[in-house]
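A.B. asks: Mind looking over this structure? Questions follow.
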Amino acid sequence: MLSREALFLLNNLLFISILVVCFWGVVFPLVSQLFTGQTVTVGPPFYQAATAPLFAVLMLLMGVAPLSAWGHSSLKTLGRAIWKSAVAALIITVILFFTYTNNPIALVGFFLVALVLLVTLQEFGRATFARVRAQNENIFVAFWRLVGRDRRRYGGYVIHISMMLMAVGILGINLFQVQTQGTVSTNNSLSLSGYTVKYDSVAQFPGPDGQQVTRAIVSVYQGKNYLGDLYPRIDYYPTEQQNMTIPGQRSTLKDDLYIILVDWQPAAANGATFKIFVNPLVNWLWIGAIIFLFGIIIAAWPDREVERIPAQMRSIHQADKQTDSRQASAAD
Amino acid sequence: MKKLFWLSILALIIASLFTSIVLAQQPVPTPSDDEVNHIAHQLYCPVCANTPLDVCPTDACRQWRDLIRQQLAQGWTEDQIKQYFVQQYGVRVLAEPPQTGFNWLIYILPPVIILAGAFVLFRALRMWTKPVPVSAAPGSNQDALKDEYVARLEEELKKRY
């Protein structure tokens, strides 16, 4: 029941389940309209509630499955392989509880992320050091050859790592995003999550593509530290009669600050409306996406083509070789 | 003197009247953009499909946000405001279908399919891992076949080496 084959099948069941949930969410408004004539909206709360537990189990599988054996695994063998990583992940979660968050969903998420990362790194480390000992290779050479010999497996592990980094970003933006909106006059400021955004000025000028640009200049402070100016703007395209909102953005590994010039009221010196978002950890989503591509390249890199010789040809080749060797020995 | 007394009483009454009028007209604190957005984010624009009301840039949505602000200023609760929009524009303004009648299907069907899949998988795994019973008759037959095969192998080996 805990063999790798069984876990692979469970993994497939989870993927199909996520597909079923999303497909049903997408087609339900049509089905509802068809049978009842009533239009409904199926928005983000449905998808988040329905897929979050499935993704959590999928993450747990990413932690457990690499340690299971083909054909046979029991709770005992798996437990023996995973306990060190599980204890370390638990310690990390406790540290996060005291230093970062007490949100139970976030803590479960961070525990799973830590578990999968530790298990994957442990798998890389164990196999590399085994190679260092057995083949007497330098650690880097051993690592390179290890990945090269089983690219699909280790490419898959790189993808696991990337998934966990993405999970950090998704947990951050879903559970810790904060936002505020307010209208301020010049030299006044809005504050959010340790950031202070001061409205300096606004200007309107024609843009290079025939659009009318309304651009505000705001100074961003963290506490009393001046971090720099940002330029949120709204571009109005008169031909299409459409607005395009381009946020002022500051991005770090800890969080992203987005400032949007909201068109609730026309921006002017006596007042402009800003919407400010602080999106914690969201950069890890993009870092994870880049590592994900890297993992795919490792896994899908084509194998060196094996020279194929048909059976009949092979026998002729062998006969030729034998003749050659006989001739050589005769010459000796 | 008496006249002055009555005049001052009258002045006091008029002053107190004005004070109460002024107090009664003191504006209820205007709800902030964040309070409006908190509710608008949970409602979907009845005109543009799948756009939350807090970010929709159309004039209609701007008016609806102003309406939410007015309703909040009048002391309406979040549920009352949502209910008002549902009555006016239908359940499509809610982010999720209400849990009534036909809409139950959206909540029931995915778990049922997932549990059915899990059950099928569990049965299949049980079947594959169940040890195959070994009966006496085919076993002896197999042994005989095996013996015959081994004997032939031995014979071939003897012939060649």
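The values are calculated or read from the model by the stated rules, or taken from the named source; none is laboratory data. No experiment lies behind these values; they were computed from the predicted model shown. Positions of Cβ are generated from backbone atoms using ideal geometry, with glycine treated the same way; all protein chains shown enter the neighbour counts.
A.B. asks: Taking the conditions exactly as written (surrounded by 18 or more Cβ atoms within 10 Å (Cβ to Cβ), more than 14 Å from chain B (Cβ to nearest Cβ) and in contact with a helix residue (DSSP H, G or I) (Cβ under 6 Å, 6 or more places away or on another chain)), does A:S85 satisfy them or not?
C.D. replies: Yes.
A.B. asks: Checking A:I276 against (1) modelled with pLDDT of 90 or more; (2) of a type in the set (V, I, T); (3) not assigned by TED's automatic domain parsing to the domain that holds A:T214, which single condition isn't satisfied?
C.D. replies: Unmet condition: (3).
A.B. asks: From the list B:L72, B:L121, B:L109, B:L125, pick out the single residue that is over 17 Å from the mean Cα position of the chain (by Cα), in a helix (DSSP H, G or I), within 14 Å of chain A (Cβ to nearest Cβ) and modelled with pLDDT of 90 or more.
C.D. replies: After applying the criteria, what remains is B:L121.
A.B. asks: Which numbered condition in (1) buried (at least 17 other Cβ atoms within 10 Å of the Cβ); (2) β-branched (V, I, T); (3) more than 10 Å from chain B (Cβ to nearest Cβ) is the only one that A:T41 fails?
C.D. replies: (3)
A.B. asks: Give the residues of the stretch A:152-181 that are more than 30 Å from A:I297 (Cβ to Cβ) and surrounded by 20 or more Cβ atoms within 10 Å (Cβ to Cβ), sorted by residue number.
C.D. replies: A:Q181
A.B. asks: Scan the stretch A:1-50 for residues that are on the phi > 0 side of the Ramachandran plot and touching a residue at least 24 places away in the same chain (Cβ under 8 Å) and jot them down.
C.D. replies: Answer for the stretch A:1-50, where residues must be on the phi > 0 side of the Ramachandran plot and touching a residue at least 24 places away in the same chain (Cβ under 8 Å): there is none.
A.B. asks: Moving on. Hey, can you tell me all the residues within the stretch A:51-82 that are without any contact (Cβ under 8 Å) to a residue 12 or more places away in the chain, within 22 Å of the chain's Cα centre (by Cα) and away from chain B (no Cβ under 14 Å)?
C.D. replies: Selection gives nothing.
A.B. asks: Could you tell me whether the stretch A:58-74 includes any residue that is part of a helix (DSSP H, G or I), among the β-branched types (V, I, T), in contact with a helix residue (DSSP H, G or I) (Cβ under 7 Å, 6 or more places away or on another chain) and under 26 Å from A:A127 (Cβ atoms)?
C.D. replies: Yes, that holds for at least one residue.
So that you can scan it fast, the table gives a plain yes or no per residue for (1) modelled with pLDDT of 85 or more; (2) assigned to a helix (DSSP H, G or I):
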site: B:K3; (1), (2): no, yes
site: B:L23; (1), (2): no, yes
site: B:V28; (1), (2): no, no
site: B:D54; (1), (2): yes, no
site: B:Y84; (1), (2): yes, yes
site: B:Q87; (1), (2): yes, yes
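A.B. asks: When only residues in the stretch B:75-103 that are within 11 Å of chain A (Cβ to nearest Cβ) and of a type in the set (F, W, Y) count, which is farthest from B:C45 (Cα to Cα)?
C.D. replies: Ranking the candidates gives B:F102 first.
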